[in-house]
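Below is one structure, written out as structure tokens; the observations come after it.
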Amino acid sequence: MLLLDSPLIPRRIVAFVHDLCALVLCWFAAYWLRFNLELPESHLDAALLALPWLFAIHAPAYWLMGLYRGIWRYASVMDLRRIIIAVLVASGLVSGALLMTQIQGVPRSVLVLHPLLLILVMGGSRFAYRAWKDQVLYGRIAFEGEPVLVIGTGDAAERLLRELDQSSEWRVVGLLEGGGRGSGQELRGVNILGAVSDVGRWAIRPGGEADHRGNA
């Protein structure tokens, strides 16, 4: 993760190398799972023979399908969608290439497991990095800032919470909604405290002053 923050190495190159390492690890992990946590020597040669095809097909597919346009710090559903499409397309081409070259010893279950593991690792690492960066950058301000209640629990409230998460000026302490039907639930980790009519009850700060800024 620290390499992604290095000014000496382009982030795209770091991400690309990461994905190639994941490609190989997931390939052997698929064999490992297929054969009940071991890799028989009779299938090891086939696994190694297939590796050049994996690199030759997956590597250009990742670049052509734009996997490195996005920034890991802001990994999104769109990035995950690109990963899924790129991996599935490349895996389909690999299966065709192995069939045409008649490489024996590659179980069909491995060809199914491999893309699933790859999507999990490639997508999971990106979102894990984003979560880690969010914690580093914004976790320290979780208990700082002016406490504020947000009125509303819809899409606008969700967008407002996303913005306030990155603010050191405000700290959201709860949500209030029209009918209070969602009381006890959460939105982006913030408790829905009750109905808007209860604002006077919830907005009393330690100093006795009501604070109910925020409306979504």
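The figures follow:
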read-out: Flag for ALA47 being modelled with pLDDT of 90 or more and either loosely packed, with under 12 Cβ neighbours inside 10 Å or farther than 20 Å from LEU120 by Cα (or both); value: yes
read-out: Answer residue from the range 68-81, given it is in contact with a helix residue (DSSP H, G or I) (Cβ under 9 Å, 6 or more places away or on another chain) and in a helix (DSSP H, G or I) and is surrounded by the fewest Cβ atoms within 10 Å (Cβ to Cβ) among those; value: TYR74
read-out: Of all residues in the range 16-39 being touching a residue at least 24 places away in the same chain (Cβ under 8 Å) and of a type in the set (Phe, Trp, Tyr), the one that is nearest to ALA61 (Cα to Cα); value: PHE16
read-out: Subset tally (residues that are part of a helix (DSSP H, G or I), out of contact with any helix residue (DSSP H, G or I) (no Cβ under 6 Å at 6 or more places or on another chain) and either farther than 11 Å from LEU117 by Cα or outside the structural domain of ALA97 (by TED's automatic domain parsing) (or both)) for the range 25-49; value: 9
read-out: Any hit, the range 59-66, residues being within 14 Å of VAL121 (Cα to Cα) and within 29 Å of the chain's Cα centre (by Cα); value: no
read-out: Any hit, the range 22-37, residues being more than 28 Å from LYS133 (Cβ to Cβ), at pLDDT below 90 and out of contact with any His (no Cβ under 8 Å at 6 or more places or on another chain); value: yes
read-out: Failed item in (1) at pLDDT 95 or above; (2) farther than 30 Å from ARG11 by Cβ, with HIS114 passing the rest; value: (2)
read-out: Residue within the range 92-111 that is assigned by TED's automatic domain parsing to the domain that holds ALA47, within 20 Å of the chain's Cα centre (by Cα) and buried (at least 19 other Cβ atoms within 10 Å of the Cβ) present; value: no
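The values are calculated or read from the model by the stated rules, or taken from the named source; none is laboratory data. Since the structure is predicted, the reported quantities are computational estimates derived from the model, not experimental observations. All Cβ positions, glycine included, derive from the backbone under ideal geometry; neighbour counts span all protein chains shown.
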